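Contents: one structure, followed by commentary.
The values are calculated or read from the model by the stated rules, or taken from the named source; none is laboratory data. In this text, all values refer to a predicted model and were calculated from it rather than measured experimentally. Positions of Cβ are backbone-derived with ideal geometry, glycine not excepted, and every protein chain shown enters the neighbour counts. The area values use the complete protein model at the heavy-atom level, side chains included, leaving out ligands, DNA and RNA. Shrake-Rupley method; radii C 1.70, N 1.55, O 1.52, S 1.80 Å.
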Amino acid sequence: MNRGLGKELFNLLIAKGYLVFGVLRNEEVATRLAKELPENGRIILCDLSSDECIPSIRAVVKDTPIDLLINNAGIAGSSFRIDDTQSQEIQALFNVHCLGAFRTVKAVRTNLTRAENPSVLNLNSRFGSITRQSEGTYGNIAVSYSYRIAKAAQNMLTNCLRDEFRGRIKFISLHPGKMKTQIAQIDADTEPEMVAAKILQYYENGTFREENGIAQLDNELIEW
């Protein structure tokens, strides 16, 4: 949450008066930000790529009801052909994009069930769609094996969680748009600040719904 969409969401939600918990793994940045935060901002220092993040998250959140959990952590892959792709890269991205979301939900499951109408947004990607991959929709865009595999796996996680907590917690797979970030594709055209504002607007309007696909902020649904 120290850059990109995570940073924009954190700052916007704090400015709107919400009690906000933000996860950081950089101790130096976390220490600096903690001194600057208003009372409704909290920093959780942990690494979502390790199971050790679960007790770290619980120690800060404690018994606070969680109305909205946004799983935004992500890293990029670099290899686009099997001869260049190493299993370690696939494991690294799976560990963050899929297991990172798994760990945060596991850490705050009880907190979510304490809220009146809790929602979890697993921020996904158009490249996580097996249907569009099969149809060659993005054949002209070089996207790593590891990123596509990790995002497709995250979609299955979303489905598994939805099945277990149906009627108690909403789980939405969301493609936030073609954002201009450090891991953006060549056709990126939207600033993270605009995406953060739209996510908050959709949340406050109750627009997010559980659907069999990857939701987009323009209401178009991408097939799994």
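Results for (1) crowded, with 19+ Cβ neighbours inside 10 Å; (2) among the polar types (S, T, N, Q); (3) not in a helix (DSSP H, G or I), shown as yes or no for each residue.
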residue	(1), (2), (3)
ALA152	yes, no, no
THR158	yes, yes, no
ARG166	no, no, yes
ILE172	yes, no, yes
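Only residues that are among the aliphatic types (A, V, I, L, M), modelled with pLDDT of 90 or more, out of contact with any Ser or Thr (no Cβ under 8 Å at 6 or more places or on another chain) and within 22 Å of ALA107 (Cα to Cα) were counted across the range 15-45, and they come to 3.
Restricted to the range 128-144, and to residues there that are open to solvent by 20 Å² or more (accessible area, probe 1.4 Å), of a type in the set (Val, Ile, Thr) and in a loop (DSSP other than H, G, I, E, B), the residue that is nearest to LEU174 (Cα to Cα) is THR137. Check the range 138-151 and report whether any residue there is of a type outside the set (D, E, K, R) and under 15 Å from ALA215 (Cα atoms). No: the range 138-151 contains no residue that is of a type outside the set (D, E, K, R) and under 15 Å from ALA215 (Cα atoms). Taking the criterion of being without any contact (Cβ under 8 Å) to a residue 12 or more places away in the chain and in contact with a Leu (Cβ under 9 Å, 6 or more places away or on another chain), the only residue of the range 11-33 that qualifies is THR31.
ASN117 meets the conditions (1) surrounded by fewer than 17 Cβ atoms within 10 Å (Cβ to Cβ); (2) assigned to a helix (DSSP H, G or I) in every case but one. The failed one is (2). When GLY4 is tested against the conditions (1) on the phi > 0 side of the Ramachandran plot; (2) modelled with pLDDT under 95; (3) open to solvent by 50 Å² or more (accessible area, probe 1.4 Å), the lone failure is (3). Being acidic (Asp, Glu), modelled with pLDDT under 95 and over 14 Å from LEU121 (Cα atoms), is that true of even one residue in the range 190-202? Yes, the range 190-202 contains a residue that is acidic (Asp, Glu), modelled with pLDDT under 95 and over 14 Å from LEU121 (Cα atoms).
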